[in-house]
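S.K.: So that we are looking at the same thing, I have put the structure below in structure tokens.
The values are calculated or read from the model by the stated rules, or taken from the named source; none is laboratory data. On a predicted model such as this, the values are computed, not experimentally measured, just so you know. Glycine also receives a Cβ, built like all others from the backbone with ideal geometry; neighbour counts cover every protein chain displayed.
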Amino acid sequence: MMRIGIDAGPAFAGHGGVGQYVRGLLTAFSRLDLPHEWALFIPPGRPAPSFPWVSETNGATWIPHSRWPWASIRKERVDIFHGTNFKVPIRGTRGTVVTIHDLWLCRYPQYSKKFGGERWALARLKRRVWSADRVIAVSHATERDIQEFTGLPLERIRVVYHGVPEGYYPDSDEMAWNMAKQAMRLPDRPFLLFVGGADPRKNHRVVFRALSRASWIVKDFALVLVGSRQARGMDIEETAKSMGLRSGIFAVGAVSQDQLRLLYTHATAFVFPSLYEGFGFPVLEAMTCGAPVITSKTTALPEVAGDAAILIDPHDEGDLLKALEHLLGNEDARRELIAKGLERVKQFTWERTALQTLELYEEVGSL
């Protein structure tokens, strides 16, 4: 038996990819009969979350860390500490694991908000991965980036995929869909779905460029964009206007998980030409809800999508337009992708993620 410390803070700090990862991992651990004690560290001042697995009777407890996390971890005497979000505050008594989700700002430093760019952030990252006994990469693409940017040997990196976030499934509740459309002010017409907002990494501009060359698609289909309308100097509505696409573009901003599930379910196609993904949760979410997917053939996205999506060059609007024309004009092709997607997502389970992570804890504990 080991005492395992986990940075659980990201699980309760938002709905981004890292939060999805930590929630999924903790939930999977809770469903397994594991002979370990668990110290789940959360930020100071935060009330202990409601999570049925966490009780003193089964060896799992919330630990609000102090202003200096290393002091709390040392006091708790954890054997293995898992930094779930890039950071390694201190070693466990028998070793340390850290998860690296992506290195996108190393790959695209022009989008960094840090004064002086990514130089110092990369130096910190190098120290963290070299200080850990093992590093979890969430895809082989991220594994390659870790090697390239930090020089860490391959034998110290393990690829552990995520599972499908809970709460996604084909949602046929027509009353809920009608209410969601009304709340988001969507038209009663077929639509394409894009998730990522104005974030330049998510690459909405290539979608706009493709649509600006296809009047029939713009005439027959709306484009619904989920996410921030403005980000890192980009503005969705201004970009659409500049390309003559203001009509038919619906930037709905942030939505609830229930609304997003309904959007995935009812979209004619999910378009996700991201420039960089460490993993790519939206692809799994869309497939789980029964949406046919078009996504990039770069970074981690081919690993997630497999043959269950149309893969395109995210820099080439002509390639995207060709995919759209094929998919939107072919009901059989859409049905085939939906079926492949629903089968593909079965390969990504949180139980597998938890078991592979546990194997890594035990490997580190035996070093």
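S.K.: Considering the stretch 201-227 alone, what residues qualify as being surrounded by fewer than 18 Cβ atoms within 10 Å (Cβ to Cβ) and either at positive phi or in contact with a strand residue (DSSP E or B) (Cβ under 7 Å, 6 or more places away or on another chain) (or both)?
M.R.: Answer for the stretch 201-227, where residues must be surrounded by fewer than 18 Cβ atoms within 10 Å (Cβ to Cβ) and either at positive phi or in contact with a strand residue (DSSP E or B) (Cβ under 7 Å, 6 or more places away or on another chain) (or both): there is none.
S.K.: Read through the list (1) in contact with a helix residue (DSSP H, G or I) (Cβ under 6 Å, 6 or more places away or on another chain); (2) modelled with pLDDT under 65; (3) of a type outside the set (S, T, N, Q), then give the number of the only condition that residue 42 fails.
M.R.: (2)
S.K.: What are the residue pairs meeting all of these: first residue in the stretch 286-314, first residue among the acidic types (Asp, Glu), second residue surrounded by fewer than 24 Cβ atoms within 10 Å (Cβ to Cβ) and in a loop (DSSP other than H, G, I, E, B), Cβ atoms under 9 Å, and 6 or more apart or on different chains?
M.R.: If the second residue must be surrounded by fewer than 24 Cβ atoms within 10 Å (Cβ to Cβ) and in a loop (DSSP other than H, G, I, E, B), the pairs left are 303/161; 313/297; 313/298.
S.K.: Right, next: Would you confirm, using the coordinates I've provided, whether residue 195 is closer than 19 Å to residue 322 by Cα, touching a strand residue (DSSP E or B) at 6+ places or on another chain (Cβ under 8 Å) and in contact (Cβ under 8 Å) with a residue 24 or more places away in the chain?
M.R.: Working: closer than 19 Å to residue 322 by Cα: no; touching a strand residue (DSSP E or B) at 6+ places or on another chain (Cβ under 8 Å): yes; in contact (Cβ under 8 Å) with a residue 24 or more places away in the chain: yes.
So residue 195 does not fit the description; no.
S.K.: Here's a follow-up. Picking from 342, 328, 321, which residue would you name as being outside the structural domain of residue 36 (by TED's automatic domain parsing) and surrounded by fewer than 20 Cβ atoms within 10 Å (Cβ to Cβ)?
M.R.: Values: 328 fails: surrounded by fewer than 20 Cβ atoms within 10 Å (Cβ to Cβ); 321 fails: surrounded by fewer than 20 Cβ atoms within 10 Å (Cβ to Cβ).
Among 342, 328, 321, only 342 is outside the structural domain of residue 36 (by TED's automatic domain parsing) and surrounded by fewer than 20 Cβ atoms within 10 Å (Cβ to Cβ).
S.K.: Check 126, 181 and return the single one that is in the same structural domain as residue 359 (by TED's automatic domain parsing) and over 22 Å from the mean Cα position of the chain (by Cα). Please lay out each step first, then the result.
M.R.: On the way: 181 fails: in the same structural domain as residue 359 (by TED's automatic domain parsing).
It is 126.
S.K.: Do the conditions hold for residue 240, that is, is it in contact with an Asp or Glu (Cβ under 7 Å, 6 or more places away or on another chain), small (Gly, Ala, Ser) and crowded, with 20+ Cβ neighbours inside 10 Å? Spell out how you get there, then give the answer.
M.R.: On the way: in contact with an Asp or Glu (Cβ under 7 Å, 6 or more places away or on another chain): no; small (Gly, Ala, Ser): yes; crowded, with 20+ Cβ neighbours inside 10 Å: yes.
No: the conditions fail for residue 240.
S.K.: Also, quick follow-up: So for the stretch 16-25 (the condition being among the hydrophobic types (A, V, I, L, M, F, W, C), closer than 18 Å to residue 358 by Cα, under 22 Å from the mean Cα position of the chain (by Cα) and in the same structural domain as residue 102 (by TED's automatic domain parsing)), does at least one residue qualify?
M.R.: In the first step, residues of the stretch 16-25 are kept if they are among the hydrophobic types (A, V, I, L, M, F, W, C); the result is 18, 22, 25.
Those left that are additionally closer than 18 Å to residue 358 by Cα: 22, 25.
Going one step further and asking which of them are under 22 Å from the mean Cα position of the chain (by Cα), we end up with 22, 25.
Among the residues that remain, those that are also in the same structural domain as residue 102 (by TED's automatic domain parsing) are: 22, 25.
Yes, the stretch 16-25 contains a residue that is among the hydrophobic types (A, V, I, L, M, F, W, C), closer than 18 Å to residue 358 by Cα, under 22 Å from the mean Cα position of the chain (by Cα) and in the same structural domain as residue 102 (by TED's automatic domain parsing).
S.K.: In this structure, is residue 365 buried (at least 16 other Cβ atoms within 10 Å of the Cβ) and at pLDDT below 95? Spell out the reasoning first.
M.R.: Numbers: buried (at least 16 other Cβ atoms within 10 Å of the Cβ): yes; at pLDDT below 95: yes.
For residue 365, the condition - buried (at least 16 other Cβ atoms within 10 Å of the Cβ) and at pLDDT below 95 - is met.
S.K.: Return the pair list, or none, for Cβ contacts closer than 8 Å from residues in the stretch 245-261 that are under 16 Å from residue 230 (Cα atoms) and assigned by TED's automatic domain parsing to the domain that holds residue 197 to residues that are outside any loop (DSSP other than H, G, I, E, B) and of a type in the set (Val, Ile, Thr), at least 6 apart or on different chains.
M.R.: Within 8 Å, the pairs are 249/236; 250/224; 251/236; 252/224; 252/226; 253/226; 254/226; 255/226.
S.K.: Continuing with this model, one more query. If the requirement is being surrounded by fewer than 20 Cβ atoms within 10 Å (Cβ to Cβ) and at pLDDT 95 or above, which of these qualifies: 158, 189? Give the derivation first.
M.R.: Working: 189 fails: at pLDDT 95 or above.
The unique qualifying residue is 158.
S.K.: Still on this structure, I have one more. Of everything in the stretch 259-287, what is β-branched (Val, Ile, Thr), out of contact with any Ser or Thr (no Cβ under 7 Å at 6 or more places or on another chain) and buried (at least 24 other Cβ atoms within 10 Å of the Cβ)? Give them in sequence order.
M.R.: 271 - this is the single residue of the stretch 259-287 that is β-branched (Val, Ile, Thr), out of contact with any Ser or Thr (no Cβ under 7 Å at 6 or more places or on another chain) and buried (at least 24 other Cβ atoms within 10 Å of the Cβ).
S.K.: Provide a single number: the residues in the stretch 24-45 that are free of Cβ contacts under 8 Å to residues at least 40 places away in the same chain and farther than 21 Å from residue 91 by Cα.
M.R.: Number satisfying all stated conditions: 4.
S.K.: Right, another one. Being polar (S, T, N, Q) and under 20 Å from residue 333 (Cα atoms) narrows it down to one of 228, 274, 296, 215, so name that one.
M.R.: Working: 228 fails: under 20 Å from residue 333 (Cα atoms); 274 fails: under 20 Å from residue 333 (Cα atoms); 215 fails: under 20 Å from residue 333 (Cα atoms).
None of the others qualify; the one that does is 296.
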